[in-house]
Amino acid sequence: MESSRRKVKLRVKKSIKWFKSWSRIETGRRNIFFQHGARIFLLLALAWLALVLTPGRRTIDPFFDVQAGSVADRDVIAPFDFPVHKSQTELERERREAADRVKPVLEFLPGVRDVAIQEESLFFDLLKKIRSDTLVKKSLVSWNRYLDLTRNQNKKFKIKPVVLQYLYSADSLLTLSDDEIIYLFDPVRSSLLRNRLKDYLVSRLREGIISDAALSRIENEEVLLRRDGEEKVVESSSLNSLSRVIEQSMSEVIDPEYQEVSKSLFVQELRRFIRANIIYNWTETERLRQVAAAAVKPVRDEMVLKDEKILSRGEKVTPEQMERLDNLSAELEKRELVTGEADQIRHGLGIFTVYLLLLLILGIYIYFYQREDYQRFSKLLIIAISFALVLLCSSLILGRPELPGYLIPVAVAAMLIAYLLDDQLAMVATFCLSLMIGVQANFSSYLVLLSLAGGIAAAISVRRIESRRAQYLPILYVAAAYVLVLFAVDFAYRGEDFNTVLRSAGWCTLNATLSTFIAIPLLPLFESVFKITSNFTLLELGDLNRPLLKRLSLEAPGTYHHSLIIGSLAEAAAAGIGANPIYARVASYYHDIGKMRKPEYFIENQSGKPNPHNKLSPKMSSLIIASHVKEGVDLARKARLPECIIDIIREHHGNQPISFFYSKEKEQNPDTTLREGDFCYPGPKPMSKEAAIIMLADAVESASRSLSEPTVSRIKSLIRGLIEAKLRDGQLDYADLTLRDLTRIGDEFFNILIGVHHHRIEYPSSGEKPQDAKGPNSRTKIVSGPDGKDETGGVVLTPREDVD
């Protein structure tokens, strides 16, 4: 027990020591850690959440244990369109049948005929050469004479040795009998034989001859004969084989006088020279058969459509249903929706990196172009939660095949970000979120385009909302954007029937409606949790019948009227430079509520009554004038006004000096050392565009009341001088306003003031010393201080003037 106490004490001491060492770390380093570290962690957490919510990365409930004949324990609905593949046996059988249907390819060789005729000519030319020899001629004379004498005696003629040497030089003659050789060496007979043989060769080879071996392989089949660049289908039985051609030649009558010898020579020489000129192209035939087999589709003509029920719970599984389940399993594996552990880790890291890069793009944009939102962590949380809500809905919708992707409510995030933060930021966020949804949907570019159109339309529609009745305007914008993209993509690529497109358009309209009805109730919740004020809340605060404004109109009517005019000026100027006009107008209504505590000390509320400042010391008057800022903050907090309104109340005077009372105190006590800070507003300087606009509007409106003749040139000169004075004094250092913005603000002020026709007291030029008012009708003389401001910005007053 004692040892455990010691351990606890030791741990406490270590914790205290660590905290002390941490507290000694340079403040800047700690701020950097907390500022950027938390944001980086938020980015990583959101990327991880998106990965978890990606349907394809989760283990899909398999149905591999289902067998044909068993009872299904669940409903199985097709999550996407997929084809039904043929079984391996069926596919092999169809491919074999397709290959068998390919007809054998026969090639006609036209050059064979020329070769055969050439060889036949060479043979008979050789005979002619032999006959031209002198010795052969003498022998032939004796042969012919002897042949004539013994023809009728059936005597065998013997070849003389002088001829034999020529016969050996032509080995093609060695197989012939003596009678056949004698016949060939007869010029007349030989010429007759030559002509008949050539005619027969030419005619048969023209028709085409196929070898007996090739014909036996294609017997009783149709074949594809390629000849002279053309193809035609013929019966194999119509083709002439070598044996058939030779057999038919035996019926030919060559020489009626010497039938046996001439027929024998004709057949022998025909065998020698004739050859097949139609060949069986086995290589081409096999190639065509392989092509035909490969052309057989592995899938059937039927398709299982998305949302089609494959199996019903409690139903007996048929072989056909089992086949569909097998095909679905194969398709899931193909799409990597069912993977091994290593593949899941690899793919998960890749998807996580994609999400991280997209969020990093958004983070970089916010850091460089929306620095105020980056510095307020609560605003980054709004973006993260909006993303998480949409990604969660997307995961649920994509995980249920019966629900279309058109229902993903991207517009919810776009509207929340646009309502609570900024419409431009909402557009950039929509771009990144749409790409993330596309990754969730297996990189669906179509869904990205739809989401992007709907989200941007929602962000744009928020700009036009200036009343509660207009809060449902996004329904029209988002639905129109969805339907426009839907029809455009369908006409360009998808080509679905019109009823299907109309049904999809109905889903899109439902999405737009649901998104709007989801976003609007979430706004008060987000505003309350994150202390963010939306335009809706500002519109409610701008109701002039609200208790605080009603009280202001009764207790300080001059201040109330002054605030209304500033509201008009600030609203126009904010709209001109791209700031929030609703925020500027409503904040103007409340910026001077602190004057209700002592309204009689401010000139616009005196209405001819004695000036109470005449009885006070300058320092006390300065404290009363400056206190309306603190009093206004206290009243605003009691009324639970939003922090953004309180910021305007606190900043609308900056840290300007109340120069009149400072000068008066100096006159009364010339030997006393005065602290200028005792005669200044507490500040801080305006930190937003709207606060700076209200500061300028306050100065311009107050100064314009002093113009006895508010001509165009005098009003322009007054506005320009006051803006330049605030700029020189450094009051606009933190307002993020450009010179172009200041010029535009001045133009908008001029447009409003030129329409005001009330007579105002004229302000002398800047730097003029205060003078006593002269004449019986002149009770006061207001002189602007160096900064050109009225009672709230360093006004110089005579001893008898009323002080605001």
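Quick notes on this structure:
- Positions within the stretch 416-431 being crowded, with 22+ Cβ neighbours inside 10 Å and either more than 25 Å from residue 534 (Cβ to Cβ) or within 12 Å of the chain's Cα centre (by Cα) (or both), in sequence order: 430
- Residue within the stretch 673-682 that is at pLDDT 90 or above and either in a loop (DSSP other than H, G, I, E, B) or buried (at least 22 other Cβ atoms within 10 Å of the Cβ) (or both) present: no
- Of the residues examined, residue 782 is not one that is among the β-branched types (Val, Ile, Thr), modelled with pLDDT of 90 or more and surrounded by 13 or more Cβ atoms within 10 Å (Cβ to Cβ).
- Here the stretch 89-124 is the region considered, the condition is being of a type in the set (Asp, Glu) and in contact with a helix residue (DSSP H, G or I) (Cβ under 6 Å, 6 or more places away or on another chain), and the residue that is surrounded by the most Cβ atoms within 10 Å (Cβ to Cβ) is 120.
- Filter result for residue 516 (more than 30 Å from the chain's Cα centre (by Cα) and polar (S, T, N, Q)): no
- Subset of the stretch 592-641 (residues that are in a helix (DSSP H, G or I), over 21 Å from residue 695 (Cβ atoms) and either outside the structural domain of residue 681 (by TED's automatic domain parsing) or under 59 Å from the mean Cα position of the chain (by Cα) (or both)): 637, 638
- Residue that is modelled with the highest pLDDT [pool: residues in the stretch 524-542 that are part of a loop (DSSP other than H, G, I, E, B) and not polar (S, T, N, Q)]: 542
- Residue in the stretch 342-359 that is over 21 Å from the mean Cα position of the chain (by Cα) and closer than 29 Å to residue 305 by Cβ present: yes
- Given (1) buried (at least 16 other Cβ atoms within 10 Å of the Cβ); (2) at pLDDT 90 or above; (3) polar (S, T, N, Q), number of the condition residue 545 does not satisfy: (1)
- Unique residue being of a type outside the set (Val, Ile, Thr) and not assigned by TED's automatic domain parsing to the domain that holds residue 647 when the list is 531, 550: 531
- Test: residue in the stretch 641-651 that is without any contact (Cβ under 8 Å) to a residue 40 or more places away in the chain and over 24 Å from residue 733 (Cα atoms): no
- Index of the failed condition, residue 502 passing every other in (1) over 16 Å from residue 390 (Cα atoms); (2) more than 25 Å from the chain's Cα centre (by Cα): (2)
- Check on residue 324, assigned to a loop (DSSP other than H, G, I, E, B) and at pLDDT below 80: no
Residue by residue, here is whether (1) in contact with a Ser or Thr (Cβ under 7 Å, 6 or more places away or on another chain); (2) assigned by TED's automatic domain parsing to the domain that holds residue 407 holds:
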{"residue": "499", "(1), (2)": "no, yes"}
{"residue": "507", "(1), (2)": "no, yes"}
{"residue": "513", "(1), (2)": "no, yes"}
{"residue": "517", "(1), (2)": "no, yes"}
{"residue": "542", "(1), (2)": "no, no"}
{"residue": "545", "(1), (2)": "no, no"}
{"residue": "554", "(1), (2)": "no, no"}
{"residue": "563", "(1), (2)": "yes, no"}
{"residue": "567", "(1), (2)": "yes, no"}
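- Residue pairs whose Cβ atoms lie under 6 Å apart, sitting 6 or more positions apart in sequence or on different chains, and linking a residue in the stretch 66-95 that is over 12 Å from residue 321 (Cα atoms) to a partner that is part of a helix (DSSP H, G or I) and acidic (Asp, Glu), are 82/331.
- Here residue 443 fulfils each of the conditions (1) touching a residue at least 60 places away in the same chain (Cβ under 8 Å); (2) within 14 Å of the chain's Cα centre (by Cα); (3) loosely packed, with under 14 Cβ neighbours inside 10 Å apart from (1).
- Sole residue being surrounded by 24 or more Cβ atoms within 10 Å (Cβ to Cβ) and farther than 19 Å from residue 720 by Cα, chosen from 694, 648, 624: 648
- Close pairs (9 angstrom Cβ cut-off, 6 or more residues apart or separate chains): farther than 17 Å from residue 116 by Cα in the stretch 188-201, of a type in the set (S, T, N, Q) and at pLDDT below 80 anywhere: 189/262; 192/262
- Residues in the stretch 363-408 that are at pLDDT 85 or above, out of contact with any helix residue (DSSP H, G or I) (no Cβ under 7 Å at 6 or more places or on another chain) and closer than 30 Å to residue 501 by Cβ: 392, 393, 396.
- Which numbered condition residue 269 misses (of (1) under 25 Å from residue 189 (Cα atoms); (2) surrounded by fewer than 14 Cβ atoms within 10 Å (Cβ to Cβ)): (2)
- If you check 474, 521 for being under 25 Å from the mean Cα position of the chain (by Cα) and either of a type in the set (Lys, Arg) or at pLDDT below 90 (or both), only one passes: 474.
- Qualifying residue in the stretch 788-803 (condition: touching a Leu at 6+ places or on another chain (Cβ under 9 Å), outside the structural domain of residue 601 (by TED's automatic domain parsing), at pLDDT below 50 and within 28 Å of residue 599 (Cβ to Cβ)): yes
The values are calculated or read from the model by the stated rules, or taken from the named source; none is laboratory data. It should be emphasised that the depicted structure is a prediction, and the values quoted were computed from it without experimental measurement. Here the Cβ is made from the backbone with ideal geometry for all residues, glycine too, and neighbour counts use every protein chain on show.
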